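Structure record follows, encoded as structure tokens.
The values are calculated or read from the model by the stated rules, or taken from the named source; none is laboratory data. Note that the structure is a prediction, hence the values are computed from the model and not measured. Because the Cβ atoms are built from the backbone with ideal geometry, glycine has one as well, and the counts that use them run over all protein chains shown.
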Amino acid sequence: MIRLARPEDLPRLRAIQTVSLAEPWPDLLDPAVEGAGIVAVATEDATGPDADPDEPIGYAVALPEGERAYVPEIAVAPAHRRAGHGSRLLTELFTRLSTAGVEQVALTVRLGDEDARAFYDAHGFRVRSLVPEHYADGDALRLTRRLERGR
């Protein structure tokens, strides 16, 4: 399931952020969850005695600004990767952003991260520019994707 983040999700989202991202943005989640952005959360699909269907297992953050938005982080807990959660998170962000009038989404990816590039290519992102020294360990590519407004 995909839903919007709530303040009580923050400890779990920070834990996912820490284990999932090479360079997490520590000051991002609190203001984004409080309304400065859109934070979509993926929750556990499984049922069973130990499953918590409301427990976050991944998240994606979008920071809209007029007709554009930036996606600074998307992260899925290691045990839940490659199950479609990242795709569902992006789809939810695209829907919410286009409804809000956003026409273009941008993000950055490490220059040599071919897995991430393939994921974003599959979701309609295209290389826009090189961003030298964006990360502590090197360059990034800025990727963009157009959205159909109001859908």
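Taking the stretch 49-76 as the search range and keeping residues that are hydrophobic (A, V, I, L, M, F, W, C), out of contact with any Ser or Thr (no Cβ under 7 Å at 6 or more places or on another chain) and at pLDDT 95 or above, which one is surrounded by the fewest Cβ atoms within 10 Å (Cβ to Cβ)? Going through the qualifying residues, I end up with Leu63.
The number of residues in the stretch 114-151 being touching a residue at least 40 places away in the same chain (Cβ under 8 Å) and either of a type outside the set (Ser, Thr, Tyr) or farther than 24 Å from Gly84 by Cβ (or both) comes to 10. So in the stretch 26-46, with the set limited to residues that are surrounded by 12 or more Cβ atoms within 10 Å (Cβ to Cβ) and at pLDDT below 90, which one is nearest to the chain's Cα centre (by Cα)? Once the filter is applied, the top-ranked residue is Glu44.
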